[in-house]
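Below is one structure; the comments refer to it alone.
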């Protein structure tokens, strides 16, 4: 085994450049360490014993790490998930999870007395390295592919980095950066092939396990989630996170490994395509069509093999989502849970929606999503240019005249008859969400029932115009509700909408086809047309 400060960049035995750090923990008292952690600051360097720095005086930090694990409310209810958590990496010093990579990588460079570095980046890495490099007095050369937003390059320049924008894609830009570093004899940061990068990312796993331990075990025990989800390009993040969870399992800190949900843009998805073909080696994508530059790695190389093996050993799923689905997911997350995220995270959530609809992720699963960065540089792609309404007050009279014709039209257009809707849903958060959406329409009066028996009683009392019901409920389930309604002359003609996350058998699907008006899978109505779909059944 080679010491890190003697490492030349490749395995001395096989020559492989993607290597794994191991630590001498023969005298490591895990329980004493866990106890000591309770008194340490909540930055990622609280785990310095499992990070590749020999001397803590060399640490370059901006108090990164310790990001919150936020439990989703409205989005989780919409998806029918009981335990959906968002690891909010937007709250790092430069606004992305790459701050983890930067603090460890720049600290390692300080320890090696390196004062100049070359990096290829689609934005977040260069920004983070520029900030930490400025703090350490390390000069940065940052190479960007053509699709990188100008705002990201401008921010890196603000920290003093030398900015080189290319006309190529990310893979071509990495090759150019490597050639430049070699010709100028400048240290090249090799991203996923850097020991520091993988080790930095594993700190996210340590934090998640510690935070879920507080959530589920009052801090007395750490806990791994059932699923960890991330949008994937080169694969550094999930590889590092997987290594962190494996270390904790070996230490006896946790007792399970999470499944990995790995999502790529459908415009550049070599890992997904290989996984669907059951191949351990990915075929490179020559021409990327995604406009999400951070996910445009067409040649994943050994990283895919490592992730494929992880999924084979511990479970998981590869899936793709389009750029359009990603931008829609960004809007959904912002409007449901108040979090504005970058496109790579939008792809992750679009993949989450699909995995819930397909039954890959179950309602009781504990799911953690890496919210990897903020959306600020790309908001125009999400909202377009017509997101605001202008009211000209420059010539407004003191007592503005009401436009009578428009008022008459509006009153005439309002529904005269109040419509009554019964919502039967045992998940109270989901029930409240549907109630709020429906009550936003002036012609809807909503009656909530948290089980089938109560729902039937309300129906017999008020004779509703529409019934919305879940299928999976204790005691009287949705199928029983439907059967009872169809056998009752007073209820049999009421339109029925089923909203459920249940995986349906062929017989169940046939039953619903013959007895209900609409079936919505939880997670499939995450857009502005949901209410219209429901209300259409009232007209």
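The values are calculated or read from the model by the stated rules, or taken from the named source; none is laboratory data. This is a predicted model, so every value here is computed, not measured. Cβ coordinates were reconstructed from backbone atoms using ideal geometry, including for glycine residues, and neighbour counts include every protein chain displayed.
Below are the figures for this structure:
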{"quantity": "Where a residue in region 289-308 is on the phi < 0 side of the Ramachandran plot and its partner, wherever it lies, is modelled with pLDDT under 90 and not in a loop (DSSP other than H, G, I, E, B), with Cβ under 6 Å and at least six apart", "calculated": "296/170; 297/170; 298/171; 299/171; 303/192"}
{"quantity": "Filter result for residue 12 (assigned to a loop (DSSP other than H, G, I, E, B), modelled with pLDDT under 95, surrounded by fewer than 19 Cβ atoms within 10 Å (Cβ to Cβ) and more than 27 Å from the chain's Cα centre (by Cα))", "calculated": "yes"}
{"quantity": "Selection within region 137-172 - farther than 27 Å from residue 268 by Cβ and crowded, with 19+ Cβ neighbours inside 10 Å", "calculated": "138, 159"}
{"quantity": "Residue 429 at pLDDT below 95, surrounded by 21 or more Cβ atoms within 10 Å (Cβ to Cβ) and under 30 Å from residue 325 (Cβ atoms)", "calculated": "no"}
{"quantity": "Some residue of region 185-206 being more than 21 Å from residue 232 (Cβ to Cβ) and part of a helix (DSSP H, G or I)", "calculated": "no"}
{"quantity": "Search result, residues across region 235-248 that are in contact (Cβ under 8 Å) with a residue 24 or more places away in the chain and either surrounded by fewer than 21 Cβ atoms within 10 Å (Cβ to Cβ) or out of contact with any helix residue (DSSP H, G or I) (no Cβ under 8 Å at 6 or more places or on another chain) (or both)", "calculated": "243, 247"}
{"quantity": "1 or more residues more than 26 Å from residue 229 (Cα to Cα): qualifying helices (runs of 4 or more DSSP H) within region 70-144", "calculated": "98-111, 124-136"}
{"quantity": "Options 482, 534: the member that is assigned to a helix (DSSP H, G or I), at pLDDT below 85 and crowded, with 18+ Cβ neighbours inside 10 Å", "calculated": "534"}
{"quantity": "Sole exception among (1) in a loop (DSSP other than H, G, I, E, B); (2) more than 22 Å from residue 362 (Cα to Cα) for residue 473, by number", "calculated": "(2)"}
{"quantity": "The one condition in (1) more than 19 Å from the chain's Cα centre (by Cα); (2) without any contact (Cβ under 8 Å) to a residue 40 or more places away in the chain that residue 335 fails to fulfil", "calculated": "(1)"}
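To keep it simple, each residue is scored yes or no on (1) farther than 22 Å from residue 121 by Cα; (2) surrounded by 23 or more Cβ atoms within 10 Å (Cβ to Cβ).
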{"residue": "276", "(1), (2)": "yes, no"}
{"residue": "279", "(1), (2)": "yes, no"}
{"residue": "283", "(1), (2)": "yes, no"}
{"residue": "289", "(1), (2)": "no, no"}
{"residue": "312", "(1), (2)": "yes, no"}
{"residue": "329", "(1), (2)": "yes, yes"}
